[in-house]
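Data first, discussion second: the structure below is written as structure tokens.
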Amino acid sequence: MSHPRHTGSRGPLGGPAQRPIVDRGTLTRQAGKPPGPTCSSALFPTTAEMLHSGAQLAMDPYAQEIFDLWFSGKAPSEVVFDNEKWARYMQADAGLQQQIAERLAEHAASNSVRMPMHQNGGRHEAEFQLTWHAEVGGETGGYRSGYAVLHGTDRTVGDFGASGRFSAVRRSSGEGYTVTYTDLRFVFNDRVNMNKKYASDVQFGVLAGNMARCLGGDPPRDYILRVVWREPGPRKFDVGGGLLKEFRNL
């Protein structure tokens, strides 16, 4: 949810990108406001429940899972999604898969792979670990999908991580080599919170706090979210002889 790759970005809970950026006085004005409705009337809890239900209806199941943990006020400081449901969801994002392929291709063609292979008679095997900023979904995010709520990794909690094993083998022709990646593990590291740089997130945070109070619950609680999934592979990259190509069998 930070350091966007695209020109568009979003607040960490899905607020539209830079529409508008919070000016210097916005946070001061928000902080100086009274805590919101006292909820003494039955009208306030009813309205809050309607708003909460409406927000959930607008979200897909993945966005709901992230939002409900935050809104409940009971989320632990760190949450890990490591299951088949989220694995399929993250694997289905074409943009993220392209980013992964590009990073593995860079690694396959790097001296850290090439040199040991040449020094060991045309074969090299080892573990690897890569980290970079990754994004899912569209350019501006939102609240409707899990992709939109996640949008971009947060470097302060680990960014995006890829790890596993690889083998590099020189081709029999002597021109180039093939790198095969297996036992792959990916982690999308993020923060679920209100980004105070964006007016939409500030306003949403105030509204959510009021809704929680009128419903008799705890205030929303920020947390670190790590989405983990695995791929047995192989992912194969043909290096040398011109264009680097990927041959993947998942």
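Here, each number is a calculation from the coordinates, and none is a lab measurement. Note that the structure is a prediction, hence the values are computed from the model and not measured. All Cβ positions, glycine included, derive from the backbone under ideal geometry; neighbour counts span all protein chains shown.
The table below lists the values:
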{"quantity": "Segments 97-104, 153-160 sorted - mean Cβ within 10 Å per residue, highest first", "calculated": "153-160, 97-104"}
{"quantity": "Ranked packing of 233-239, 81-87, most packed first, by mean Cβ within 10 Å", "calculated": "233-239, 81-87"}
{"quantity": "Packing rank of 224-232, 105-113, where each peptide gets the mean count of other beta carbons within 10 Å, highest leading", "calculated": "224-232, 105-113"}
{"quantity": "In nm, spacing of pseudo-spin labels at residue 112 and residue 222 (7 Å Cα→C-beta vector)", "calculated": "3.1 nm"}
{"quantity": "Positive minus negative residues near residue 224 (Lys, Arg vs Asp, Glu; Cβ under 9 Å)", "calculated": "-2"}
{"quantity": "Segment residue 169-residue 155, extension gain: residue separation times 0.36 nm, minus the distance between their alpha carbons", "calculated": "1.7 nm"}
{"quantity": "Computed lengthening from residue 139 to residue 230, 0.36 nm per intervening residue step minus Cα-Cα distance", "calculated": "30.2 nm"}
{"quantity": "Neighbourhood net charge (14 Å Cβ-Cβ; Lys/Arg +1, Asp/Glu -1) for residue 64", "calculated": "-1"}
